[in-house]
Amino acid sequence: MKLYLAPMEGVIDHHLRNILTNIGAYHRCVTEFVRVTDKLLPEQVFHRICPELKHGSQTASGTPVTIQLLGGIAEAMAENARLAVELGATAIDINFGCPSRFVNRKAGGAVLLKEPERIFKIAAAVRKAVPMRVPVSAKIRLGYESTDLALENALAVEAANASFITVHARTKLDGYNYPARWEWLGKINDALSIPVVANGDINSVDDYVRCRELSACQDFMLGRGAVAQPDLARQIAAAQSQNIATPMRWDEVNSLIIGLAKAMQAQPQTNAIRILGRLKQWLVFLKKQYPEAAALFTEFRHVKQISQADELLLKHS
Ligand SMILES: Cc1cc2nc3c(=O)[nH]c(=O)nc-3n(C[C@H](O)[C@H](O)[C@H](O)COP(=O)(O)O)c2cc1C
């Protein structure tokens, strides 16, 4: 079994990748998407989204990091994938699932699921552009408005010689609201010979067990559940080997939040508003698992300065 930490734009940046992968059990994590238009991007874009490039494309705990590219022009995607590898990327993922209206209007992300032949063209161009030692994967949804092309799109990714495919078991129309349709993961897994990584609504050990039973997938990607419950991967890995991992206590989680605050403060270009925004954002996720996070969030709402945030975090530890 392989567990992947999902890409989450604006939420799982390199700081959170560091913190979550350090807890353990992740095989790989994936960056937020790098938006590719029709040009070769400046190198600093790759370094901003994936500072791990300068550290062997690994997080501090040694978990490999995959760079995710999003775009609709095969040649530009290929050129940028080549550049990413020159800069040190060890794996490339292609985003065919982003529901953002802005991104979709510019022919990137989920809108491409209406055109399986274009999915093939983009994935094949990226695959050909980088050495075979660099795995190329794609992350899809089940479709744009319907699931009609789900199998065709997945088969297009396989035909492009991708190493594996991640399937977020929702259409773009489903957004994030409706329950993930795990039964589709099974259908796609049956039809493909490359590994299918199951994604969507795996928020607990029970979810993992049910999703595995329904899909027969061996590999799983954790998104919002992993942000809400920082040791979710560790718990799933323990369950897989018939063990039980003691769930993380609130004081341990609070130390992680302090760690995020410190890591962000150590970067001189990061301003206080951004840091406070990120801390509050994480608390919103953590509230789902930890009542203590809800109490802390209430007090945090009035915080305007970093020093106040530091004091609050210490008080709640
Ligand atoms: C705030 C947010 C940002 C996301 N950003 C990305 C992204 O950059 N690339 C991507 O492929 N998926 C992105 N996703 C989708 C997640 O990777 C994942 O597929 C989705 O949340 C379903 O998994 P989950 O139920 O475990 O969260 C994002 C999701 C959220 C909620």
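The values are calculated or read from the model by the stated rules, or taken from the named source; none is laboratory data. Remember, predicted model here, so these are calculated numbers, not experimental data. Glycine also receives a Cβ, built like all others from the backbone with ideal geometry; neighbour counts cover every protein chain displayed.
Being in a loop (DSSP other than H, G, I, E, B), crowded, with 18+ Cβ neighbours inside 10 Å and touching a residue at least 40 places away in the same chain (Cβ under 8 Å) holds for only one residue in Met221, Met264, Met248, and it is Met248. Within segment 280-291, residues that are in a loop (DSSP other than H, G, I, E, B) sit with their Cβ atoms under 8 Å from residues that are of a type in the set (Val, Ile, Thr), at 6+ positions apart or across chains, in these pairs: Tyr290/Val253.
The rows are residues; the columns are (1) part of a loop (DSSP other than H, G, I, E, B); (2) in contact with a strand residue (DSSP E or B) (Cβ under 7 Å, 6 or more places away or on another chain); (3) closer than 15 Å to Val111 by Cβ.
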site: Lys139; (1), (2), (3): no, yes, yes
site: Thr147; (1), (2), (3): yes, yes, no
site: Leu155; (1), (2), (3): no, no, no
site: Asn161; (1), (2), (3): yes, no, no
site: Thr166; (1), (2), (3): no, yes, no
site: Ala169; (1), (2), (3): no, yes, no
site: Leu173; (1), (2), (3): yes, no, yes
site: Ala180; (1), (2), (3): yes, yes, no
site: Gly186; (1), (2), (3): no, no, no
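Filtering segment 28-44 to residues that are without any contact (Cβ under 8 Å) to a residue 40 or more places away in the chain and either surrounded by fewer than 17 Cβ atoms within 10 Å (Cβ to Cβ) or away from the ligand (no atom under 13 Å from the Cβ) (or both) leaves Asp38, Lys39, Pro42, Gln44. All of Lys187, Lys139, Lys128 fail the test of being of a type in the set (D, E, K, R), within 24 Å of Thr90 (Cβ to Cβ) and surrounded by fewer than 21 Cβ atoms within 10 Å (Cβ to Cβ), apart from Lys128. Screening the candidates Gly10, Gly71, Gly97 for the property of being within 16 Å of the ligand (Cβ to nearest atom), surrounded by fewer than 17 Cβ atoms within 10 Å (Cβ to Cβ) and within 18 Å of the chain's Cα centre (by Cα) yields one hit, Gly10. Just need a number here: residues in segment 74-94 that are more than 17 Å from the chain's Cα centre (by Cα) and either buried (at least 20 other Cβ atoms within 10 Å of the Cβ) or assigned to a helix (DSSP H, G or I) (or both). Of the residues in segment 74-94, 13 are more than 17 Å from the chain's Cα centre (by Cα) and either buried (at least 20 other Cβ atoms within 10 Å of the Cβ) or assigned to a helix (DSSP H, G or I) (or both). Just checking, does segment 100-121 include any residue being within 16 Å of the ligand (Cβ to nearest atom), surrounded by fewer than 19 Cβ atoms within 10 Å (Cβ to Cβ) and closer than 25 Å to His14 by Cβ? Yes, segment 100-121 has at least one match. Here segment 161-178 is the region considered, the condition is being within 10 Å of the ligand (Cβ to nearest atom) and surrounded by fewer than 20 Cβ atoms within 10 Å (Cβ to Cβ), and the residue that is nearest to the chain's Cα centre (by Cα) is Tyr176.
Might you check whether a residue that is within 26 Å of Ser255 (Cβ to Cβ), assigned to a loop (DSSP other than H, G, I, E, B) and assigned by TED's automatic domain parsing to the domain that holds Thr66 occurs anywhere in segment 189-196? Among the residues of segment 189-196, not one is within 26 Å of Ser255 (Cβ to Cβ), assigned to a loop (DSSP other than H, G, I, E, B) and assigned by TED's automatic domain parsing to the domain that holds Thr66, which makes the answer no.
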